[in-house]
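These notes concern the structure reproduced below.
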Number of protein chains: 2
Amino acid sequence: MTARRKEFPTAEELRIWRDFIETTEALRAELAARLQRESSLSPGDYAVLLALREAEGRRLRSSELAARVGWERSRLSHQIGRMERRGLIRREECVTDSRGAEVVLTPEGAQAFRNASLPHLRAVRELFVAALTPDQLVAAQQITTALRNHLTALDT
Amino acid sequence: MTARRKEFPTAEELRIWRDFIETTEALRAELAARLQRESSLSPGDYAVLLALREAEGRRLRSSELAARVGWERSRLSHQIGRMERRGLIRREECVTDSRGAEVVLTPEGAQAFRNASLPHLRAVRELFVAALTPDQLVAAQQITTALRNHLTALDT
DNA sequence: TCCTTCTTGTTGACACGTCAATCATATGCG
DNA sequence: CGCATATGATTGACGTGTCAACAAGAAGGA
């Protein structure tokens, strides 16, 4: 009998998949909840503030910011709108390209990031790093790399 | 000099964390996009249909359904509302408890699940299982378990 | 220049998730 | 019984994410 190319996951593989995706989701949710509790920031807020904090002049073109956080422009636009209403960032017109917008970190935004940063790092350590042995951490990295490579290989 | 209890992740650990969370998120998004394309179902739809499909009489008390998919009742209520509008499920009053509601799988819902099931399993295999070596799959399981145990240990 | 085409960014509609409030019914205790 | 409390479920408000449509300026060639 000929070996047929495998098409479906086994029950065991499926179970591993479900546990994996549910656990990562629970992890994400717990991190988000803590960030919200301790700093009144969403993960999106944090990502944007971090990118601006590390940017030259604490400002970025909208597209560049989208690229750095890895979002579509539309998503960023909504996010920026909400953050501007709360005073965390400010929009400015771009001098070199009148279509463009620049996103600028406000003092309030910088302060919010400072307040959030250490508790957030602590949480990452407590919920992720401290949960794994050094070997497991290495394995996690390798698995991540394998998944990502596989994923990006597919959409080309 | 005394050893101080480690409080923050190293830059390396932080990088691993960020890659990990971003990759699992990308994976989740790709699975969701395929499910949507191929079957016009969201992951939430799929989870609910699956739970009902496996339930005695293809019906469940609302609370029980929420427990099986691991959601809050509120979230389920919204989801059920959307699915009922599309005819995938139906709400019925509960005989034994007049506060209660039962969620019933409709023929349309059952059909939608059948259509979605195989393509979804194929996608899980293609995007997750096939990306990893057997060793990595085992490692993924162990990491998942470690993370979950750690997580549940904390909120007690 | 004029016209097409690309890029930048915004908007609106809608699905989704969380939280707090609400409502009705069940339950348990005096 | 009568009342406080718990439970089952829904709702509304709001933040978030995706998608498609759009507006307006930039770029580049005929």
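Between this copy and the others, label points of A:Val138 are 1.6 nm apart in ascending order, each placed 7 angstrom from Cα in the Cβ direction. Extending 7 Å from the Cα toward the beta-carbon at both B:Arg122 and B:Glu25 defines two label points whose distance is 3.0 nm. The other copies place their A:Arg68 label points at 4.7 nm from this one, listed shortest first, where each point is 7 Å from Cα along Cα→Cβ. Placing +1 on the Cβ of every Lys and Arg and -1 on the Cβ of every Asp and Glu, with no other charges, gives chain B a dipole of roughly 200 debye about its Cα centre. For the segment A:24-32, counting C-beta atoms of other chains within 10 Å of every residue's C-beta and taking the mean gives 4.
Look at the stretch B:118-125: the mean tally of other chain Cβ atoms within 10 Å of its residues' Cβ atoms is 3.
Note on the range B:103-137 and the range A:112-156: Cα centroid distance 26 Å, given to the nearest whole angstrom.
With its label point defined 7 Å out from Cα along the Cα-to-Cβ axis, B:Arg122 lies at 5.0 nm from the matching points of the other copies, in increasing order. This model, with +1 at the C-beta of Lys and Arg and -1 at the C-beta of Asp and Glu, gives the protein assembly as shown a dipole about its Cα centre of some 400 debye. Counting only alpha carbon atoms, the long axis of helix B:134-154 and the longest principal axis of chain B meet at about 80°. Let me know the shape class of the range B:70-156, please: from the alpha-carbon gyration tensor, a ≥ b ≥ c as square roots of the eigenvalues, rounded when a/c is under 1.5, otherwise prolate if a/b is greater than b/c, or oblate. Cα axes put the range B:70-156 in the oblate bin.
With θ taken as phi - 60° and the Karplus curve 6.51 cos²θ - 1.76 cosθ + 1.60 applied, the whole-hertz 3J(HN,Hα) list for the range B:69-79 is 8, x, 10, 6, 4, 4, 4, 4, 4, 4, 4 Hz, x standing for glycine and proline. In this calculation the C-beta distance from B:Ser98 to A:Arg18 is compared with R0 = 41 Å, giving a FRET efficiency of 0.75.
Across the range A:58-100, the residues whose backbone nitrogen lies under 11 Å from the label position 7 Å along the beta-carbon direction of B:Ala33 are A:72.
In chain B, the longest principal axis of the Cα atoms and the axis of helix B:11-39 are about 20 degrees apart. Using R0 = 25 Å, the C-beta based FRET efficiency linking B:Arg85 and B:Ala130 works out to 0.10. Helix-only arithmetic for the protein assembly as shown: the sum of -39500 (n - 2.57) across DSSP H runs with n ≥ 4, divided by the residue total, places the mean residue ellipticity at 222 nm at -22000 deg cm²/dmol.
Available extension along the chain between B:Ser74 and B:Gln142 is 21.3 nm, counting 0.36 nm per residue and deducting the alpha carbon span.
Farthest toward the positive end of the dipole of the range A:1-87, out of A:Gly57, A:Tyr46, A:Trp17, is the Cα of A:Gly57, where the dipole comes from beta carbon charges about the Cα centre.
The phi-based Karplus calculation (6.51 cos²θ - 1.76 cosθ + 1.60; θ = phi - 60°) puts the 3J(HN,Hα) values of the range B:113-128 at 5, 4, 5, 7, 4, 5, x, 5, 4, 4, 5, 4, 5, 5, 8, 10 Hz, whole numbers, x for Gly and Pro.
Read the figures in this text as sums done on the coordinates, not as results from a lab. Note that the structure is a prediction, hence the values are computed from the model and not measured. Don't worry about glycine lacking a Cβ; one is built from the backbone with ideal geometry, like all the others, and counts go over all protein chains shown.
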